[in-house]
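The values are calculated or read from the model by the stated rules, or taken from the named source; none is laboratory data. All figures in this text were calculated on a predicted structure; none of them were measured in a lab. All Cβ positions, glycine included, derive from the backbone under ideal geometry; neighbour counts span all protein chains shown. Please note that ligands, DNA and RNA were not included when accessible areas were found on the heavy atoms of the full protein model with its side chains. Shrake-Rupley method; radii C 1.70, N 1.55, O 1.52, S 1.80 Å.
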Amino acid sequence: MGFSLIYDLSFSELISLLAEWGEPVYRARQIWQGLYHNFWIAPNEFTTLPASLRLKLAKFLEFNILVPTTTLQSSDGDTVKTLFQLNDGKAIETVLMKYDPSAVLQLAQHEGAGKSRRTLCISTQVGCAMGCVFCATGQMGFKRHLSSGEIVAQVIYYARLLRDRGEVISNVVVMGMGEPFHNYDNTMSAIDRLNDPDGYNFGARRVTISTIGLVPVIHQFAAEKRQVNLAISLHAADDVLRTSMLPVNKRYPIDELLEACHDYVAATGRRITFEWALVNEVNDTPEQAHLLANLLKGLLCHVNAIPLNPTLGYSGKATTRQRAAKFKEILIHSGIPCTIRLRRGIDIKGGCGQLMSII
Ligand code: SAH
Ligand code: SF4
């Protein structure tokens with residue numbers, strides 16, 4: 001048999017594998033508990049198993065999936081990012097953000113205001129094929145998809161780290177490197193595995209997945225009626241501007257995207273978040289705000305705008321405080337809820353769109 005990553009296995013796959021080894025189902029359950037309750041990360045930690053089975057695990061399954069090579073902490077202490085090396089030498093980044101109650105109040109209410117939060121931002125690909133001009137991940141191009149296990153392992157790594165400090169992950173955002181809807185099956189099986197009540201039991205409602213707007217996949221996601229929250233990276237309200245920033249808009253223009261969003265809200269009754277990186281005098285104009293308000297009229301949604309984070313390959317600048325305030329005012333005035341989010345983790349290149357395979 002092949003050499004599988006332990007976190008790539010679903011529970012039923014683990015049961016079959018153990019059956020091949022002549023082991024009963026309860027052994028699979030013990031391993032599952034070890035992985036997703038105790039966050040054991042090496043065969044020798046599985047003290048509930050006989051030594052012979054631990055040896056077999058070590059021989060046939062890969063546990064060392066993500067090797068943390070560098071960890072940086074922002075100067076305010078609220079953002080930490082880790083560069084992980086994968087088995088093939090490629091690398092990804094994962095970001096942990098701490099929100100204290102006062103900061104949370106400034107965020108979207110539906111994200112759990114009033115409580116201290118630990119939000120983990122995970123990656124789904126090495127690089128990204130979508131080529132958005134202002135995004136460092138897009139600037140590095142597409143290297144490969146992550147397997148479901150490589151996605152799951154990012155969460156378990158941090159779950160273990162936080163547990164040792166008496167903390168837990170409160171939210172997972174699939175907003176790191178890569179386009180999750182381009183790697184849909186692996187991303188969804190990762191979320192399902194994290195969701196498993198007999199495993200990590202992380203509620204789908206605490207997961208938010210962000211897409212650049214791959215229309216057919218949004219329809220599929222809508223039809224599946226998952227409880228996972230959906231965010232759409234919109235960034236521009238007309239096709240000419242959006243195509244200049246996000247090449248994928250040529251394939252899936254705004255009207256098709258908005259139709260898919262309406263489909264999603266109709267199918268699920270859930271609110272959509274639209275993300276908007278405010279670039280000075282590009283998409284932070286009153287015209288764009290009015291166009292956006294028109295586009296979103298009648299849709300159950302919320303706009304999360306964030307001043308552009310700097311990346312090496314893009315010369316656009318962040319909006320100013322005044323222009324951002326004006327943008328928000330126009331939306332609010334038109335009845336579209338809008339939050340201007342604080343930039344964070346910029347000093348460690350841990351902000352939105354800043355992640356790469358190197359520190
Ligand atoms: N590929 C998905 C998931 C990544 S999420 C997506 O794009 O939605 C990363 C978020 O940061 C997206 O909303 C993305 O559009 C945004 N982003 C990218 N580059 C940015 C930058 N330089 N400044 C601020 N936000 C950025
Ligand atoms: Fe990919 Fe998202 Fe970056 Fe665009 S913004 S290049 S889709 S990671």
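At a glance:
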{"item": "Sorted peptide list for 340-347, 127-134, 329-336, criterion being average Cβ within 10 angstrom, highest first", "result": "127-134, 340-347, 329-336"}
{"item": "For the chain: accessible area per residue (Å², 1.4 Å)", "result": "43"}
{"item": "Estimated FRET transfer efficiency when R0 is 35 angstrom, pair E167-S334 (beta carbons, to 0.05)", "result": "0.30"}
{"item": "Cα centroid separation - segment 314-330 against segment 67-100, whole Å", "result": "28"}
{"item": "Percentage relative contact order, segment 6-60, counting C-alpha pairs under 8 Å, at least six apart", "result": "22"}
{"item": "Sparse-neighbourhood loop sites, GluC sites (Glu not before Pro) in segment 228-301 - DSSP loop, at most 16 other Cβ within 10 angstrom", "result": "E281"}
{"item": "Inter-label distance, nm, simple model (7 Å from Cα along the C-beta direction), F60/A19", "result": "1.3"}
{"item": "18 Å reach of a label modelled at T48, 7 Å along Cα-to-Cβ, counting backbone N of segment 11-36", "result": "11-19, 23-36"}
{"item": "Full-extension gain in nm, L299 to R271, via 0.36 nm per residue minus C-alpha separation", "result": "9.3 nm"}
{"item": "Violating pairs (Cα-Cα greater than 19 angstrom) within the set K317/K349; K250/K317; K98/K349; K56/K90", "result": "K250/K317; K56/K90"}
{"item": "Relative contact order of the chain, pairs being alpha-carbon contacts under 8 Å that are 6 or more residues apart, as %", "result": "16"}
{"item": "FRET efficiency, 1/(1 + (r/R0)^6) with R0 30 Å, evaluated for K225 and R29 via beta carbons", "result": "0.55"}
{"item": "Estimated inter-spin distance, H290 and A204, nm [label 7 Å along Cα→Cβ]", "result": "4.1"}
{"item": "Förster-model FRET efficiency, 41 Å R0, R251 and R160, C-beta, rounded to 0.05", "result": "0.55"}
{"item": "Distance between segment 241-296 and segment 127-202 - C-alpha centres, whole angstrom", "result": "24"}
{"item": "Heavy-atom accessible surface of the chain: percent carbon and sulfur, 1.4 Å", "result": "54"}
{"item": "Gaussian network model of the chain, Cα within-10 Å springs - most flexible of S52, S210, S75", "result": "S52"}
{"item": "Segment S116-T320, extension gain: residue separation times 0.36 nm, minus the distance between their alpha carbons", "result": "70.6 nm"}
{"item": "Full-extension gain in nm, R343 to T70, via 0.36 nm per residue minus C-alpha separation", "result": "96.1 nm"}
